[in-house]
Amino acid sequence: MSIRTISVLVENHAGTLSRIAGLFSSRGYNIASLTVGETEDPTISRMTIVVGGDDAVIEQVVKHLNRLIDVIKVIDFGADPIIERELVMVRVDSTKSNRHEIVELAQLFGATVAQVSATSITFELSSTCDKVNNFIGLIKPYGIKEVVRTGKIAMAQPKK
Amino acid sequence: MNKTGAEILIDALAQEGVDVLFAYPGGQVIPIFDALYDAKGLKVVLVRHEQAAAHAAEGYARATGKVGCCLATSGPGATNLITGIADAYMDSIPIVAITGQVPTSYIGTDAFQEADLVGISRPVTKHNYLVKDIRDLPRIFKEAFYIAGSGRPGPVLIDLPKDVSVATFENYEYPKSVSIRSYSPTIIGHPKQIEKAAEMIKAAKKPLIFAGGGVISSSASEQLFELAEKINAPVTLTLMGLGAFPGEHGLFIGMPGMHGSRAANNALQETDCIVSVGVRFDDRVTGHVGSFAPKAKIIHLDIDPATISKIVKVDVPVVGDAKNILVALNKLLTPRGVSEWNDQINAWKGEKIFSYKHSEKSIKPQFVIEQAYEMTKDKDAIICTEVGQHQMWTAQYYKFARPRTFISSGGLGTMGFGLPASMGAALGQPGKLVLNIAGDGSIQMNIQELATISINKIPVKVLILNNEYLGMVRQWQDLFWKKRYSSTCLRGGTLCEECAPGHCKKHYVPDFVKLAESYAIPGFRALKHADVIPVLRQGLEIDGPAIMEFSVTPEENVYPMVPAGKSLDEAMEEL
């Protein structure tokens, strides 16, 4: 099983999200993450869906997405080079004594401090999913209170 | 011209060529029914249960090739349509279902008779709409009919809140054209793929044509016929495909799959090239997928790309309309003579594609079907069925000559389908002889429609093969569950202590002949073998609807049978 990123352009109206989500649940496909937002054309939304499955499953996912009337275009990035980002907010236990150490570590990832309290620091980081995972892993020993991730968004790299 | 939402609905049906609407009123659709009161040129058929409205719309669609239409109120009326809509979805039948909805301002408040129909119907519709603004209504109707009838056909639901049906649209005009940027089915097959298919067929030593409902949807029977005769390949048709190729033709080898013929199943297992047309490789056809057609290269012609390689890996897919592709494919093919392969097929086929043990001691259900066939084969009859043993026997023993003459619930397997579907077929094809072949279990699932049939004088001939069991489930219990007939005996019910066929002291209900009489429909009953032909003759000769009940051998099984999950070469035969 591999993890694939699929970008789906859909009609921006009520009910479209439930059609997409319903397709995944009724056909037994696994969604790792799903993000939705408007595109440069306000009548069109883009969903970035990260889905797990072998090639045959992904082929079926793409075909069934295409079958939905509200789906305008499905782009399976496959192995194509993409630019991807995910935003994460991590709240970690921290007191006066280790604050500097944690901030220093976070800075290595380019994470910024979103909020500080007497007992915690909240970082935000926008990066690739791998780096986000890595960051969370390294900061975990300090005691994570809460993690909020947006899920991945992605764009194909421009063709030269 | 100014029109209300309800009036727009009626105009849309007229513009789309719908001449029959199967409907049931209720609170939220009173404005629509009020407008229907004056609708000219549209026959409104009041059914007795909304499920029947949906099946009748399916029957109409399948008999005519047009889009069928049904209408129900919000909440329970609409949810009652769902089984029929799901049935249409599984069998790719074009229907437009219109449901009333509570006024837009009440939506989401758990109002009286409110149900989220767009949510409920989403997984069983090709598309659906909740109309929030009357200005969208004409476009939605235009799109709904277009989506239902084009590409791979299917059901579309329009949920119409009451305030929209009473609102007024100023300067209304029905759209002349439709354009949906996200929907454009592929019609023309890719020439390169068609070439590849032709090469593969030319190279084949043992070609087999395997066709289904797609041939009927696409009106491609003539092209299929041309293909078969040109390459002299045997033809097997799925349940949905029956009628797409003449049942009496020498190249026809019967239906494949669980209750398929020995010839068809052997052919699938031995062929080196399957030309599949408009099929979806259902599990009832393939048996154990891993051992399906092990020697074959597979060509698959289908309008739905998602069907290709969904179940079985396909070697040459061609996406497009079957008729279109077959026309192009036939041009590329050269005639192929008969070969050893044809001899082999004929040897498997034997004298008859299907056979059973004859007996005159009781009424064999297969005998009833054979006789019904003999008496109706020259009448271009339309045969509907319910679901179960009688359905399989009909598929096996009735030799369908033309497309759109066999109407049965395939994918969903809906008991109660046949009676309302036969009403739809009869109203869609007035003047044609329409039979509904039923079991005594299935017929009771929508038996209330006898009222609709009686009142509207719909000339449907109902044949009830009464074995006093839910026969197909009983057959499974017989073969795989140690004959523990749990809840399948329609005399006893859940558990019958002293069960012995013919010795049951319990009384069978209902008396179908008396029931027929209570609906003012003539009823006839055959209790013994010698009664079969006279009863059929009486029932068929009489004007208008008739009910014919046949007390058939109770514990007759459908053979051959490939047990679920087994390979097609592991069929059980009658002992």
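Every number here is computed from the coordinates shown, using simple stated rules; none is lab data. Note that the coordinates shown come from a computational prediction; the quantities given were computed from them, not determined experimentally. With ideal geometry, Cβ positions are generated from the backbone for all residues, glycine too; neighbour counts draw on all protein chains shown.
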Where the convex hull is taken over the Cα atoms of segment B:194-235, what is its projected area averaged over directions, in nm²?
3.0 nm²
Are there trypsin sites (Lys or Arg not before Pro) in segment B:190-249 that DSSP marks as loop and that have at most 12 other Cβ atoms within 10 Å, and which are they?
B:LYS205
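Can you sort A:TYR29, B:TYR183 so the residue with the fewest Cβ neighbours within 10 Å comes first?
A:TYR29, B:TYR183
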Span from the segment A:5-83 Cα centroid across to the segment A:89-105 one, whole angstrom:
38 Å
Among all helices in chain B defined by DSSP H, which have a length of 20 Å or more along the axis from Cα atoms plus a Kyte-Doolittle mean of at least -1.0?
B:50-64, B:76-90
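What does the C-alpha gyration tensor say about the overall shape of segment B:365-551? Classify as rounded when a/c is under 1.5, otherwise prolate if a/b is larger than b/c, or oblate.
Judged from the Cα gyration tensor, segment B:365-551 comes out prolate (a/c at least 1.5, a/b above b/c).
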What's the percent breakdown of Cα-Cα distances in segment B:96-234 across 10 Å bins, shortest bin first?
10, 28, 24, 16, 13, 8, 2
Treating only the Cα positions of segment B:298-363 as identical point scatterers, give the base-10 log of I(q)/I(0) from the Debye formula at each q in 0.16, 0.18, 0.20, 0.27 Å⁻¹.
-0.83, -0.89, -0.93, -1.04
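Using the Cα atoms as the points, what is the convex hull volume per residue of chain A in Å³? Intermediate values should be presented prior to the final figure.
Working: hull volume 23.2 nm³, N = 160.
Once divided by residue count, the hull of chain A is 145 Å³.
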Hey, which aspartates and glutamates would be in cross-link range of A:LYS131, C-alpha to C-alpha under 15 Å, not counting anything within fewer than 8 residues on its own chain?
A:GLU84, A:GLU86
Loop-resident GluC sites (Glu not before Pro) in segment B:106-212 with no more than 11 other Cβ atoms inside 10 Å, DSSP not H/G/I/E/B, are B:GLU170, B:GLU173
Rg from C-alpha atoms of segment B:24-84, normalised by the globular rule of thumb 2.2 N^0.38 Å, equals 1.12
Would you mind getting me the FRET efficiency between A:ILE144 and A:ALA79? Use the beta-carbon distance for r and R0 = 30 Å, nearest 0.05.
0.40
Answer rounded, prolate or oblate for segment B:191-349, using the Cα gyration tensor with square roots of eigenvalues a ≥ b ≥ c: rounded when a/c is under 1.5, else prolate when a/b is larger than b/c, else oblate.
rounded
For B:VAL44, the residues 5 or more places away or on another chain with a placed amide H closer than 5 Å to its own amide H are B:LEU21
For peptide A:59-72, compute the average count of partner chain beta-carbon atoms within 10 Å of each residue's beta-carbon.
5
Hydrodynamic calc, chain B: Kirkwood Rh from Cα pairs, then Stokes-Einstein at 25 °C with viscosity 0.890 mPa s, so D in µm² s⁻¹ is 99 µm²/s
So if the hydrodynamic radius of the protein assembly as shown is defined as the Kirkwood radius over C-alpha pairs, what does Stokes-Einstein give as its diffusion coefficient at 20 °C and 1.002 mPa s, in µm² per second?
75 µm²/s
Rounded to the nearest angstrom and ordered from largest down, what semi-axes does the equivalent ellipsoid of segment A:2-76 get from its C-alpha gyration tensor (root of 5λ)?
20, 12, 11
With a 30 Å threshold on alpha-carbon distance, the violating pairs from B:LYS176/B:LYS313; A:LYS73/B:LYS176; B:LYS361/B:LYS506; B:LYS126/B:LYS162; B:LYS126/B:LYS461; B:LYS352/B:LYS461 are B:LYS176/B:LYS313; B:LYS126/B:LYS461
Shape of segment B:3-169 from its Cα gyration tensor (a ≥ b ≥ c, root eigenvalues): rounded if a/c is under 1.5, otherwise prolate when a/b > b/c, or oblate?
rounded
Least to most buried among B:HIS190, B:HIS358, by other C-beta atoms within 10 Å and fewest first, runs B:HIS358, B:HIS190
If you place +1 on the Cβ of every Lys and Arg, -1 on the Cβ of every Asp and Glu, and leave all else neutral, what size is the dipole of the protein assembly as shown about its Cα centre, to the nearest 20 Debye?
940 debye
Quick note on B:TRP481, B:TRP476, B:TRP348, B:TRP393, ordering by fewest other C-beta atoms within 10 Å, gives B:TRP481, B:TRP476, B:TRP348, B:TRP393
